Amino acid sequence: MRNYVLKRLLYLIPTLIGASMLIFFLYSLVPGNFVDSDPNLTTERKAELYALYGFDQPDIERYFIWIGNLLQGDLGYSLQFQRPVTEVLGNYIWSSFFVALASLILTWLIAVIIGVVSATKQYSFFDSFITIIVFAAMATPSFFLGLILIKFLAVDLGWFPAGGMITTGSNLTGWDYVKDVAEHMILPVLVLTMLGIGGLTRYFRTNMLEVIKQDFVRTARAKGLKERVVIYKHALRNALLPAITLFAFELPALFSGAIITEQIFNWPGIGAIYMQAFTVRDYPLLMGFTMFIALLTVISNLLADLLYGVADPRVRLK
Amino acid sequence: MAKEPILQINQLLTQFYSDGGKVNAVNNVSLEIREGQTVCLVGESGCGKSATAMSVMGLIDPSSGQVSNGEVLFEGQDLLKMKKGDLRRLRGKDFAMIFQEPMSSLNPVLTIGEQITESIIEHELLSKKEAKQRGLELINLVGIGRGEEIFSSYPHQLSGGMLQRIMIAIAISCNPRLLIADEPTTALDVTIQAQILDLLRNLKEERNMSMLLITHDLGVVAEVADYVIVMYAGKIIEQGPVVELFKNPKHPYTKGLLAAKPVINQRREKLYTIPGQVPNLIDLQPSCYFSERCEHCMSICTTKQPPMKQIRDSHDVACWLYEEEVSV
């Protein structure tokens, strides 16, 4: 087992090197950069800035400098913020993370429950009703869904704040601060959950329907086990297995932000920063962030394989 | 024949839904199994053998079919009229079932031990420790050594024959009085088949169980059955004690089945086959369902259903050939 993990970890190295090359050269081969986007600069000033940021070096050389810095945990220097990329990411990534985490937990919980119930009561009223609701939520664009929620729940009813992360001008600390942020989180989390729930519900419903038809479920019934035990112990465990892979892939998504939803709710998350960096060609920030997501993706891949082995005895390593 | 019937099925009608309408998979079937008796249900694929067994177990999937009529009396109680919970408490305890595919009939993510003990714990109110003790004894009883090791292994680590032994262990774990075995040896290779049949026969004798064995293998029937019921297109067409039926088959279909059985040391160019196919069960007109394939088919066979008639002591056949009052 330890050898296997070690081997898999070693495999990560070439993958990441490949990813870093792709990321770096894609961005550096794009014509134009941060300095070019300011038309008011004189030629001398431009040359000065080129030298300062290292844009005058050959691409290959710049790649190795970038890689060298990466290995020391330095993702580069954001031109737009004039601060290290790690610091910028650190400032914004957590606000995105908490929204994503809350909606992830909510989405999965609801999707599993609905999936199981509509599979065990296939073609019932509940099943059809939920199917329609779920598809409607999934098919509505996030900006529309967000605006509707703001209109009804925030403006008309005034239950939740319409946007932002904390009440403007407030100076809360401790629990009050947490409560304030949580209140602001509710609407964006709701939107993300409604968007994500559709596909996942259908996924669990299909998996469950598949498993319920299996011989071992019939055996469990023939043993005289309670229906609850048959469904939740025998069927659900098998239906959840393939979802482990899916779940591990959600890990990078936790940190990558939700561009549109964050914009609508004025949430200071990484998605908004990412978009902004594009418009001003803040490539170091983009490269650093993309590399970070690439790293998370390969790690979650490995995690998915290891977790699968824990959950499914058939692929467990001896 | 003083022994009481442990299972009595009266006029059972089980229907499955299909695009063309309802299909009578089990059509007016009546049979009984006495204490300690082994009854074999024989017939081609799709003749309603398994559907009969599933109806008894109450395991017909409600989305695909239903038991529409009849009685299933288990020790006098009608299982069809029983509350779901009460039926569940009997199922796996007083009557149990083993299935055709041992490979897929066990849950791949639970240990063998877990799967053996859970029904013991459910029905016998034993502690986990006592259940494990019982489980180990059962593994030993069905002829697998290394009990502890097997107990903690998963289904994919065992062979088909071992898994079927485990299925048997699960089925007999609460000392059922009736064991239904639905083609228990079909998926296994021949040498293992014989071992499993021996095991079933021994267990049945030791524990004085009754057994309903479903098979299409007449070799199996000859080896273990006391009484044989032949089904065709959802109906019973002939039944009788095993020796009598093998020596003196009456129904042309039974004769055909026996003729189609390969005999050792008799090499024939071609094995006998019954011509034609099982009729489509959807729109059957009142007739003998075998009439299309029957070499003795008479005019009445295509218009009227033959009644069950007793030929000899507990040997019944449903065929117009044996109705004297019919003029040919």
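Once C-alpha pairs closer than 8 Å and six or more residues apart are averaged by separation and normalised to the residue number of chain A, the relative contact order reads 27 percent. Here segment A:147-251 was treated as a single set of alpha-carbon atoms; its pair distances binned every 10 Å from 0 give 13, 27, 20, 20, 15, 5, 0 percent.
Remark: relative contact order (segment A:1-159) = 9 percent; criterion is Cα-Cα distance under 8 angstrom and separation of 6 or more residues.
Between chain B and chain A, roughly 2100 Å² of accessible surface gets buried, counting both sides and using a 1.4 Å probe.
Given +1 at the Cβ of Lys and Arg, -1 at the Cβ of Asp and Glu and no other charges, the dipole of chain A around its Cα centre is 2080 debye to the nearest 20. When segment A:92-272 is described by a simple charge dipole with +1 on each Lys and Arg Cβ and -1 on each Asp and Glu Cβ, the residue from A:P268, A:I150, A:A100 located farthest towards its positive end is A:A100. At the residue level, B:D198 shows approximately 60 square angstrom of accessible surface with a 1.4 angstrom probe and all protein chains present.
For segment A:204-224, a decrease in accessible area of 50 Å² or greater in the assembled protein chains relative to the isolated chain, with a 1.4 Å probe, applies to A:D215, A:F216, A:R218, A:T219, A:A222, A:K223, A:G224. Sequence-ordered 3J(HN,Hα) estimates for segment B:306-311 from the Karplus curve with 6.51, -1.76 and 1.60 and θ = phi - 60° stand at x, x, 6, 10, 7, 8 Hz, glycine and proline given as x.
The solvent-accessible area of A:M194, taken with every protein chain present and a 1.4 Å probe, is close to 60 Å².
Sorted by accessible area (1.4 Å probe), largest first, how do B:H315, B:H216 line up? Please report the intermediate quantities before stating the final value.
On the way: B:H315 0, B:H216 95 Å².
The ordering from most to least exposed comes out as B:H216, B:H315.
Report the relative contact order of segment B:31-130, percent, no decimals, based on alpha-carbon pairs under 8 angstrom and at least 6 residues apart. Kindly include the intermediate steps, with their values, before the conclusion.
Numbers: 34 pairs, mean separation 13.4, N = 100.
For segment B:31-130, the relative contact order is 13 percent.
What percentage of the solvent-accessible surface of segment A:112-180, computed with a 1.4 Å probe over protein heavy atoms, is contributed by carbon and sulfur atoms? All intermediate terms of the calculation are to be shown ahead of the outcome.
On the way: 3300 of 4520 Å².
Answer for segment A:112-180: carbon and sulfur cover 73 percent of the accessible area.
Percent of accessible area on chain B owned by carbon and sulfur, 1.4 Å probe?
Answer for chain B is 49 percent, counting heavy atoms of protein chains only.
Across A:N33, A:N171, A:N91, mean-square fluctuation computed from a Gaussian network of chain A (C-alpha pairs under 10 Å connected) peaks at A:N171.
Relative intensity of chain A on a log10 scale, I(q)/I(0) at q = 0.07, 0.09, 0.16 Å⁻¹, equals -0.40, -0.65, -1.31, per a Debye sum over C-alpha point scatterers of equal strength in the absence of solvent. Residue separation of A:L157 and A:N3 scaled by 0.36 nm, minus their Cα-Cα distance, works out to 49.6 nm of gained length.
Sort B:K81, B:K309, B:K304, B:K132 from largest to smallest accessible area, using a 1.4 Å probe on the heavy atoms of the protein chains. Before the final figure, lay out the partial values.
Details: B:K81 150, B:K309 50, B:K304 115, B:K132 70 Å².
Greatest to least solvent exposure: B:K81, B:K304, B:K132, B:K309.
Listed by chain and number, the aspartates and glutamates whose C-alpha is less than 17 Å from the C-alpha of B:K132, apart from same-chain residues fewer than 8 away, are B:E114, B:E118, B:E122, B:E124, B:E148, B:E149.
Close amide-amide hydrogen proximity is noted between B:C319 and B:K309, each under 5 Å apart and 5 or more residues distant or on a separate chain (H modeled in the peptide plane; Pro and chain starts excluded). Put simply, the amide H of B:I6, placed in the peptide plane, has neighbours under 5 Å in B:I33, B:R34, B:E35, leaving out anything fewer than 5 places away on its chain.
Distance between the 7 Å Cα→Cβ label points at B:E114 and A:Q82: 6.1 nm. The residues of the protein assembly as shown expose, per residue, 50 Å² of accessible area to a 1.4 Å probe. Rounded to the nearest whole Hz, the Karplus-based 3J(HN,Hα) values (6.51 cos²θ - 1.76 cosθ + 1.60, θ = phi - 60°) of segment B:161-174 follow the sequence x, 5, 5, 5, 4, 5, 4, 5, 4, 5, 5, 8, 4, 10, with x at glycine and proline.
Of the cross-linked pairs B:K129/B:K204; B:K22/B:K84; B:K235/B:K309; A:K223/B:K128, those separated by over 22 Å at the C-alpha level are B:K129/B:K204; B:K22/B:K84. Taking 0.36 nm per residue of separation and subtracting the Cα-Cα distance, full extension of the segment from B:Q133 to B:D86 would add 14.2 nm.
Give the residue list of chymotrypsin sites (Phe, Trp or Tyr not before Pro) in segment A:112-161 that are DSSP loop and have at most 13 other beta-carbon atoms within 10 angstrom.
Details: sites: A:Y123, A:F125, A:F126, A:F129, A:F135, A:F143, A:F144, A:F152, A:W159; in loops: A:Y123, A:W159.
Answer in residue order: A:Y123, A:W159.
Projecting the Cα atoms of A:F125, A:L200, A:F135 onto the charge dipole of segment A:92-272 (Cβ charges, centred on the Cα centre) puts A:F125 farthest toward the positive pole. What separates the Cα centres of segment B:98-160 and segment B:254-328 is a distance of 43 Å.
For B:I264 and B:N248, the difference between the fully extended length at 0.36 nm per residue and the C-alpha to C-alpha distance is 3.7 nm. The simple spin-label model puts a point 7 Å past each Cα toward its Cβ; for A:E210 and A:V310 those points are separated by 2.3 nm.
Name the long-range amide H neighbours of B:G65: under 5 Å, sequence gap of 5 or more, or other chain; modelled H, no Pro or chain starts. Answer set, sorted by chain and number: B:Y17. Counting only protein heavy atoms and using a 1.4 Å probe, the accessible area of A:Y27 comes to about 40 Å².
Here segment B:22-79 and segment A:52-117 have alpha carbon centers that stand 64 Å from each other. Among A:A239, A:A258, A:A51, the largest mean-square fluctuation in a Gaussian network model of chain A (Cα springs under 10 Å) belongs to A:A51.
Solvent-free Debye calculation, one equal scatterer per alpha-carbon of segment B:25-166: log10 I(q)/I(0) at 0.09, 0.10, 0.15 Å⁻¹ equals -0.35, -0.43, -0.93.
Could you work out [θ]222 nm for the protein assembly as shown from helices alone, using -39500 (n - 2.57) per DSSP H run of at least four and dividing by all its residues? Round to the nearest 500 deg cm²/dmol.
-16000 deg cm²/dmol
At 1.4 Å probe size, put A:L225, A:L209 in order of accessible surface, largest to smallest.
Numbers: A:L225 5, A:L209 30 Å².
So the residues, ranked largest to smallest area, are A:L209, A:L225.
For segment B:105-142, accessible area lost to neighbouring protein chains reaches 30 Å² or more, against the chain alone with a 1.4 Å probe, at B:S105, B:N107, B:P108, B:V109, B:L110, B:E118, B:E122. Computed from backbone phi with θ = phi - 60° and the Karplus coefficients 6.51, -1.76 and 1.60, the 3J(HN,Hα) list for segment B:182-189 is 9, 6, x, 10, 4, 8, 9, 7 Hz; x is used for glycine and proline. Only one residue of B:P306, B:G161, B:V228 has its Cα farthest out toward the positive end of the dipole of chain B, where Lys and Arg carry +1 and Asp and Glu -1 on Cβ, and that residue is B:G161.
Among DSSP beta bridges lying fully in the protein assembly as shown, give the percent that are antiparallel, nearest 5.
Details: 34 of 53 bridges.
Expressed as a percentage, antiparallel bridges in the protein assembly as shown total about 65.
The values are calculated or read from the model by the stated rules, or taken from the named source; none is laboratory data. Treat the numbers as computed from the prediction; the structure is a model and nothing was measured. Don't worry about glycine lacking a Cβ; one is built from the backbone with ideal geometry, like all the others, and counts go over all protein chains shown. Just the protein is used for accessible areas: all its heavy atoms, side chains included, with ligands, DNA and RNA removed. Shrake-Rupley method; radii C 1.70, N 1.55, O 1.52, S 1.80 Å.
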